Every structure is written in structure tokens, then in C-alpha cells.
1. Of the residues in region 435-444, how many are surrounded by 21 or more Cβ atoms within 10 Å (Cβ to Cβ) and either more than 29 Å from residue 464 (Cα to Cα) or touching a Lys or Arg at 6+ places or on another chain (Cβ under 9 Å) (or both)?
2. For region 593-614, what are the residues that are more than 27 Å from residue 72 (Cα to Cα) and assigned to a loop (DSSP other than H, G, I, E, B)?
3. In region 329-344, what residues are in contact with a Lys or Arg (Cβ under 8 Å, 6 or more places away or on another chain) and either more than 15 Å from residue 282 (Cβ to Cβ) or part of a loop (DSSP other than H, G, I, E, B) (or both)?
4. Specify the residue that is surrounded by the most Cβ atoms within 10 Å (Cβ to Cβ); the eligible residues are those in region 288-324 that are of a type in the set (Asp, Glu) and touching a residue at least 40 places away in the same chain (Cβ under 8 Å).
5. Which pairs turn up if I take residues in region 106-130 that are touching a residue at least 12 places away in the same chain (Cβ under 8 Å) and over 18 Å from residue 75 (Cα atoms) and look for partners that are among the acidic types (Asp, Glu) and outside any loop (DSSP other than H, G, I, E, B) with beta carbon separation below 8 Å, at least 6 apart in sequence or on another chain?
6. Could you run through region 451-475 and say how many residues are buried (at least 21 other Cβ atoms within 10 Å of the Cβ) and either in a loop (DSSP other than H, G, I, E, B) or out of contact with any Cys (no Cβ under 9 Å at 6 or more places or on another chain) (or both)?
Amino acid sequence: MRTSKNKGLLIPAFAAAVVMLSPTAAYAGPDDQGQVTEEGVVTEQQHGETEGHLPAKQENVELVGRADIVGAEEGRVADVAAFGNFAYLTVRDPEGCSDAGVAIMDISNPAAPRQVGFIEATEGSFPGEGAQVLDVKTKSFRGQILLFNNELCRTADGTVGQGGMTMWDVTNPAAPVLLAANVGDATADGEANLALNSTHSVLGWTDGPKAYAVLVDNDETADVDIMDISDPRNPVLISETDLNDFDVLQEENTPLGGNSFLHDVEVQKIKGVMTMVASYWDGGWTLLNVNDPANPVYLRDFDYSAKDTLTGLSRSEGNAHQAEFSPDGRSIVGTDEDFSPFRLTFTSAAGDAEAAQGSNTPQLDAGTSLSGTPVFLGPACQGPLPAATGGATIAVVERGGCTFTTKAGNVDAAGGYTGVVLVNNACTGIVTPFVKGALPFVSVDRTTGFAIFGDAFDVATCEAGTPGTFTLGDTGAPVSAAAVFDGWGYTRLVDTATMTEIGAYAIDEALDPDFASGFGDLSVHEVAVDPKKKGLAYLSYYSGGLRVIEYGPNGIQEVGAFIAEGGNNFWGVEYHLLPQGNGQGKAKAGPAKNELILASDRDSGLWIFRYTGGK
């Protein structure tokens with residue numbers, strides 16, 4: 001079995017006066033050191049909560065039907081999958097940790113879909129991205145399997161559940177049968193975990209008489225976990241791979257943040273080869289030969305340009321989030337998710353450095369900045385902390401030991417501070433914290449953290465575990481943080497033979513600073529490539545609605561759009577072909593009526609569309 005080579009070395013806290021903290025891997029994944037997900041690292045500022053929306057819009061898209069999910073609060077609906085006459089929508093509950101699961105929708109009459117069931121998630125976990133229904137014909141099982149991921153949350157009594165993935169037999173959607181709950185990897189960098197590793201997404205595929213699933217492992221650098229699910233009641237973990245072993249994160253012109261980890265996957269047979277595309281965040285898109293899933297073979301990967309394609313800023317944003325192959329496998333349509341329309345410059349006595357902002361805290365934008373005298377408060381996990389004295393004072397805290405929200409709350413409770421600067425406790429990289437707080441929350445790398453207090457930094461010394469020389473209460477020369485507009489996440493078209501970019505596309509508002517706030521989240525999220533119509537794909541664009549694009553040698557252009565009155569907040573999107581015999585047939589003119597686009601709105605539920613344009 002392939003395992004991580006521990007490229008991200010583990011290190012202690014850097015203040016001698018502070019109790020040494022639990023070490024962390026040097027990459028930034030979706031969780032903060034095993035903390036439950038709602039308090040974790042959100043390198044993509046994933047699934048933001050900005051209020052507002054764009055005006056209604058409809059072009060070459062027909063709204064066929066829609067249905068809300070019973071009892072689902074705003075912001076909790078996640079992905080969508082479908083098979084036959086039924087759609088399956090995942091429902092998150094990272095905060096309440098009590099009402100998560102999968103809603104089952106009868107879509108046999110797409111004009112009037114209706115919820116007919118709900119599969120509850122296991123206690124202390126919730127599904128999100130990557131839900132899928134897989135048609136399986138193996139020696140041990142024949143029928144349809146619903147697969148979904150399990151991320152971790154904390155119940156009211158303090159219980160944190162198990163990660164991995166869960167599989168249900170939905171051959172009869174009216175009576176689902178559990179096949180296996182919370183199965184996956186239970187080790188992180190060679191050490192046993194108390195719980196199965198938190199899983200961000202899952203994808204299944206079949207190859208002849210065998211069936212497999214790949215899990216996105218949140219807890220270690222060997223994050224491409226593949227299981228043999230040919231016998232879904234007894235799945236077996238057969239490989240773990242760290243794509244950083246293949247240097248997928250480019251050394252020159254490294255994208256902003258420089259975080260390289262798995263976020264999503266797709267598998268398709270191309271010229272006889274079962275080919276996986278792994279969306280590896282700032283590491284770009286990577287192709288693997290998975291003819292033998294127990295031994296994945298690296299093929300090639302995508303490098304971002306020195307300057308961002310659509311903004312011209314240096315460095316590129318990165319953030320390879322999700323992708324699908326074209327039907328012929330000659331290209332991939334990939335989405336770069338980015339929920340922060342501003343990039344930060346952090347200035348200390350050592351000069352300028354890159355930084356990131358927390359998710360649910362006052363945001364620095366083109367009209368605001370943060371400046372003051374830095375004071376080191378250690379991990380800031382235990383209050384009360386000393387209050388700020390004198391003029392503008394910024395609390396400098398270290399990652400680790402507790403959640404980011406706990407740190408932010410303790411600093412705010414101390415009083416007098418104008419903001420918080422988080423120093424990564426890994427030797428390299430910047431994390432984007434998922435944090436709730438009343439003060440601006442800025443994140444910097446360890447090099448910058450040392451520079452704030454005039455300490456020299458060396459990666460080799462850091463990897464050896466050597467702490468800094470400064471202690472609690474130490475101050476540094478004044479520092480500041482300022483923001484520059486750099487747009488929202490967008491879509492790229494990539495040639496799979498060369499892994500070079502053919503073109504890129506964003507909605508107009510995503511590149512306009514006038515839409516940086518107040519109009520919802522204007523980042524692309526997911527893509528669904530049409531398997532029937534060459535060069536056509538559908539995008540879930542959060543507050544940007546549903547978008548239809550044509551792609552080809554000349555790049556990408558928009559050919560359809562839908563935003564409802566009052567706005568939308570689309571997370572998932574899927575092409576779906578209803579079975580024949582549903583009374584859908586062919587329209588006398590226009591599209592095939594049984595060809596549908598399914599979209600999941602975070603704030604409501606299932607929306608069903610048809611594309612009515614060309615092709």
C-alpha cells in the first residue's frame with residue numbers, strides 16, 4: 001500500500017513560554033488538526049455565507065420544476081445525484097449536528113418533483129460533496145449503491161462521529177438498505193486515529209466485474225484513498241497516495257497560498273485506460289492511471305500560469321476544486337473555487353508578504369485596512385488573555401490547540417485589540433481559517449510570523465523543531481494588512497494531452513469590484529459535462545445561478561443562464577437522462593424532454609431545468 005512520505009513534517013509551537021502544542025501536517029486541508037469541520041481550515045473559503053443576490057436572469061434555460069427539502073434550513077442543502085426516476089440531495093448540519101442526511105426525491109414527473117424519503121447520517125457526521133448513485137454488477141452485488149462522504153461535527157452532548165464514507169442499497173429507493181456505514185482510512189501519517197478520517201468527497205466507478213470508490217481524506221497528506229467496493233458490505237482499503245510525492249505543486253510561479261491537497265475526483269475510461277483526474281487545489285489537476293487502483297500511476301499534471309489568466313495579477317489564485325472530462329477525454333472542464341474576492345498584503349518590518357482572511361469575520365476590502373502594534377499571545381486557547389494597552393494593538397496568535405473561533409473569542413473578550421493575526425504552526429503555507437469572530441482575522445505563514453518579532457526563520461531549523469526566541473507579551477514593530485480586488489473563482493478548459501490551458505470563463509460580475517460584496521457568492525462551484533451534446537457543460541455558480549457554457553478549441557463562452565427572482569445559491573449540478581416511458585418523449589421542436597439538468601440550491605432544495613439553446 002502506498003502511503004504518505006511525511007513531506008509535511010510535524011512541528012511544535014514556537015514560543016518557549018507556551019506549552020508545546022500538538023503538531024500538524026504542513027499542508028492545509030479542510031480541517032484544523034482534527035477539529036470538527038465547522039471550525040476548520042477552509043482553504044477555499046468553502047461555501048461562503050455572503051448575503052444578497054444578482055438580479056433575475058433567464059436565457060436558453062427552462063425551469064421545469066422544483067421542490068424544497070422538508071425541514072432543511074437555509075445554507076444546509078449540498079450536492080445532488082440521480083439514478084432513474086430519483087434524485088438524492090445531501091443535507092449538511094455542521095453546527096447543529098443533528099439533522100444531516102440524504103433526501104430522496106421522486107422526479108418521474110420533473111414538473112412536480114416530491115420528497116419521498118430521508119436517509120439519516122450517522123451521529124456526529126454529515127455528508128456534503130460527492131454524493132453519487134453507482135450502478136453495480138459484481139459477483140457480490142447487483143443493483144444501485146448510494147455513496148456519500150462523512151465529515152465530522154460535534155453533537156449537543158459532545159459526541160464527534162466517524163468519517164469515511166457510507167453506502168446504501170437504493171435499488172428500491174422506497175426502502176433503502178444500509179450496506180456499510182463509515183468505512184475508510186483510520187490512520188493519519190502512519191498513526192492510528194481514534195475515529196475514521198474525515199472525508200470531504202467520494203466517487204465510485206466500475207471496471208468490468210469490479211467496483212471501486214475513491215475518498216478525499218481530510219486528515220493526512222496521503223489523501224487519495226481508494227477502496228474496493230465490489231462487495232459493498234465488506235469494502236477494503238487498497239491504496240493511499242500523496243500526489244505531492246510527484247511534485248504537483250509547481251516550484252516556480254506557485255499559486256497564491258501554495259496549498260496542495262485533494263479536493264475532488266472524477267474517473268473515466270479514455271482510450272482503454274481508466275483515468276482519474278484529481279483536483280489538487282494549488283497543485284492543479286492531476287491525471288492518474290487507475291487500471292490497477294491498488295497501484296495508481298501518475299501521468300501528468302496542470303501548472304497555473306505566472307499571471308492569473310483573467311485578472312492579470314501575479315501570482316495565480318490556483319484552487320483547482322473540481323473537474324469533469326469531455327466525453328472524448330480530450331479535455332477537462334475544471335472549476336477554481338474562490339470565495340475571497342480580495343487578496344491581502346501583510347506588511348511588517350521585513351517587508352511585504354501574502355496573507356489570507358478568515359471566513360466569517362469583518363472583511364478587509366479596498367476601502368479598509370488593519371494596522372497596529374503586534375503583541376504575541378501564544379495559542380490564545382485559555383482565557384482570560386491580557387487586555388491591549390496603548391494605541392492600536394493587534395493580537396498575534398499561533399495555530400493549534402483549539403479552534404480558530406475560540407482564539408478569536410478569547411482575543412475579543414480581552415478587550416482593546418483591533419484585529420487578530422494567525423501564524424501557521426506548519427513550516428510552510430498559509431491557511432484560510434473558517435472562523436467566526438467580531439475582529440478582522442488575518443492569517444500569515446510561519447516565516448512572516450517570525451519576521452513580526454524580528455526572528456530569523458529557516459525551514460530546515462523549523463523542521464527540526466526549533467522554536468522562536470520570543471515569548472508571551474513580546475511586541476514587534478508596527479504591522480499592517482491591506483486588500484486588493486482579485487475576483488471570484490472561475491472555470492478553465494484544459495487539454496488532457498498536454499495539461500495546458502485552452503481557455504477560461506467567469507461571469508462578468510465576478511471580475512467587477514463593484515460586485516465584491518452585497519450580491520452573494522459569485523464563485524463557480526461545480527461543473528457537469530453533457531455526455532450527449534459535444535462541447536456543452538453546466539455550471540453551478542452559487543449566487544451567479546446556473547450557467548450553460550460551450551467549450552472547444554476556441555475556449556469557453558456562455559450560452560445560457562438562470563437566476564430566479566429573489567436569487568439562487570446553487571451548489572451541485574448534474575446532467576440526468578430520465579428513463580424512457582415517463583411520458584417525456586421528444587418535444588416536437590427543441591430539446592429532448594427527458595434530458596434534464598438537476599441543480600441543488602443551498603437554501604431550498606432541488607431545481608430541475610432543460611437547456612433550450614443550440615446543440
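The values are calculated or read from the model by the stated rules, or taken from the named source; none is laboratory data. From a predicted model like this one, the values you see are computed outputs, not experimental measurements. When we count neighbours, we look across all protein chains shown, and the Cβ atoms used for this are built from the backbone with ideal geometry, even at glycine.
1. 5
2. 593, 594, 612, 613, 614 - these are the residues of region 593-614 that are more than 27 Å from residue 72 (Cα to Cα) and assigned to a loop (DSSP other than H, G, I, E, B).
3. The answer is 329, 333.
4. In this case the residue turns out to be 317.
5. 113/106; 114/106; 115/106; 116/106
6. 5
Matching residues to (1) assigned to a loop (DSSP other than H, G, I, E, B); (2) out of contact with any Asp or Glu (no Cβ under 6 Å at 6 or more places or on another chain); (3) closer than 23 Å to residue 482 by Cβ; (4) free of Cβ contacts under 8 Å to residues at least 40 places away in the same chain:
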residue: 379; (1), (2), (3), (4): yes, no, no, no
residue: 390; (1), (2), (3), (4): yes, yes, yes, yes
residue: 405; (1), (2), (3), (4): no, no, no, no
residue: 421; (1), (2), (3), (4): no, yes, yes, no
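Okay, residues lined up against (1) over 27 Å from residue 471 (Cα atoms); (2) of a type in the set (Gly, Ala, Ser); (3) touching a helix residue (DSSP H, G or I) at 6+ places or on another chain (Cβ under 9 Å):
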{"residue": "326", "(1), (2), (3)": "yes, yes, no"}
{"residue": "335", "(1), (2), (3)": "yes, no, no"}
{"residue": "339", "(1), (2), (3)": "yes, no, no"}
{"residue": "343", "(1), (2), (3)": "yes, no, no"}
{"residue": "349", "(1), (2), (3)": "no, yes, yes"}
{"residue": "360", "(1), (2), (3)": "yes, no, yes"}
{"residue": "364", "(1), (2), (3)": "yes, no, no"}
{"residue": "371", "(1), (2), (3)": "no, yes, no"}
